[in-house]
Amino acid sequence: MHHAILGAGGVGGLIGACLAHAGATVTIVVRNEALAQYPKALRFESPFGKFEVNVNVTGEVPPADVLWITVKATQLESALGALKNPDAVRAIVPLLNGIDHVQLLRSRYGSERVIPATIAVETERVSPGHIVHRSPFARLFMSSVGKDLLTSTLDDLQKIGFECRFIDDEPTLMWGKLVFLAPFALCTTAANKTVGEILSDPEWRSLGEACLREACAVGVAEGAKVDADAVIAGVMKMPGNMRSSMQKDVEQHKTPELDAIAGPILRGGQGHGIEVPATRKLVAAVGLRAGIAAG
């Protein structure tokens, strides 16, 4: 199969490197101004192993079986300019943070082409083409509408070390990640601490748990099957040195994905009459830090 990767950052590099390592044809789509300098091989370092794989590199999405969209939510609109011929792509799999991007993509490219999916991982591009996967896990969950096309692909990723799963219920798929991601990203960024430091600080831990419970309450109101106590139990098992991508974005003076990650909770809370004070407090704190970082 031919896989195109739109977004050459940590997640895109992870997916691209592992698919190429499994034998698939992979094309990395980068900005035209970066095309000449981008390497034709991906260097990958991970608990799953270390390897280097050859890939194609282009400035425009080519005809492909699958287009993986792995850009930041703040970059989605500009990145889609590289998708000149969507009819030449059989399926689109977005791995963005948040929820709202799914409806946007469906409105443009058709519901039958877009396969919602989520990924939970700590990975980053440390230089062009050099990807470092830091967490001991990579969890890729996907809507069951992708089973016919992508079962063998997910099987290949599982052989490398991924945890992969098809999920029938879309609200549970999307909110299942967000109820974990939002408190993790917001707390680590607001406090500028690792997840272990958050959990060992009673004040920050309490605020993070309150945010998590608010997210779960909104998720349930949106039709998701999520359980706050189960999510908290999962957080307690996370590696203590984990940091969020939002935290790293703010440190690097980049715009954080506040609306993508916190927006569904804030808007959903308002729509369902659910109070979300902890989420609002954390969003304000992140906004303050981001504003300071941006000068």
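General remarks:
- Tally of residues being buried (at least 19 other Cβ atoms within 10 Å of the Cβ) and in a helix (DSSP H, G or I) across region 83-103: 2
- Restricting region 142-178 to residues that are charged (D, E, K, R) and within 18 Å of the chain's Cα centre (by Cα), the residue that is surrounded by the most Cβ atoms within 10 Å (Cβ to Cβ): Lys177
- Any chance Gly129 is on the phi > 0 side of the Ramachandran plot, in contact (Cβ under 8 Å) with a residue 12 or more places away in the chain, over 18 Å from the mean Cα position of the chain (by Cα) and surrounded by 20 or more Cβ atoms within 10 Å (Cβ to Cβ): yes
- Only residues that are closer than 20 Å to Ala91 by Cα and either among the aliphatic types (A, V, I, L, M) or modelled with pLDDT under 95 (or both) were counted across region 127-186, and they come to 10.
- Look at region 78-101: where a residue is closer than 22 Å to Asn32 by Cα and a partner is charged (D, E, K, R), sitting 6+ places away or on another chain with Cβ atoms under 7 Å, you get Ala82/Glu60; Lys84/Glu60; Ile92/Arg113.
- Of all the residues in region 186-203, those that are out of contact with any Cys (no Cβ under 8 Å at 6 or more places or on another chain), in a loop (DSSP other than H, G, I, E, B) and free of Cβ contacts under 8 Å to residues at least 40 places away in the same chain number 2.
- Qualifying positions in region 104-115 - touching a helix residue (DSSP H, G or I) at 6+ places or on another chain (Cβ under 8 Å), closer than 19 Å to Gln75 by Cβ and open to solvent by less than 20 Å² (accessible area, probe 1.4 Å): Val114
- Members of region 132-141 that are touching a residue at least 60 places away in the same chain (Cβ under 8 Å) and open to solvent by 30 Å² or more (accessible area, probe 1.4 Å): Arg134, Pro136
- Residue list for region 140-150, restricted to those being within 17 Å of Asp169 (Cα to Cα) and either of a type outside the set (Ser, Thr, Tyr) or assigned to a helix (DSSP H, G or I) (or both): Leu140, Phe141, Met142, Ser144, Val145, Gly146, Lys147, Asp148
Table: residues versus (1) buried (at least 24 other Cβ atoms within 10 Å of the Cβ); (2) not in a strand (DSSP E or B).
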{"position": "Ile5", "(1), (2)": "yes, no"}
{"position": "Leu14", "(1), (2)": "yes, yes"}
{"position": "Val26", "(1), (2)": "yes, no"}
{"position": "Gln37", "(1), (2)": "no, yes"}
{"position": "Lys50", "(1), (2)": "no, no"}
{"position": "Glu60", "(1), (2)": "no, yes"}
{"position": "Trp68", "(1), (2)": "yes, no"}
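Listed here are the residues, each with its yes/no results for (1) among the polar types (S, T, N, Q); (2) over 16 Å from Leu14 (Cα atoms).
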{"position": "Thr74", "(1), (2)": "yes, yes"}
{"position": "Lys84", "(1), (2)": "no, yes"}
{"position": "Pro94", "(1), (2)": "no, no"}
{"position": "Thr118", "(1), (2)": "yes, no"}
{"position": "His133", "(1), (2)": "no, no"}
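- Residues satisfying the stated conditions in region 25-47, i.e. among the hydrophobic types (A, V, I, L, M, F, W, C) and either under 16 Å from Val93 (Cα atoms) or touching a Ser or Thr at 6+ places or on another chain (Cβ under 6 Å) (or both): Val26, Ile28, Val29
The values are calculated or read from the model by the stated rules, or taken from the named source; none is laboratory data. Remember, it's a predicted structure, so these values are computed and weren't measured experimentally. Here Cβ is always computed from backbone atoms with ideal geometry, including for glycine, and neighbour counts include all displayed protein chains. Ligands, DNA and RNA are excluded from the accessible area calculation, which covers all protein heavy atoms including side chains. Shrake-Rupley method; radii C 1.70, N 1.55, O 1.52, S 1.80 Å.
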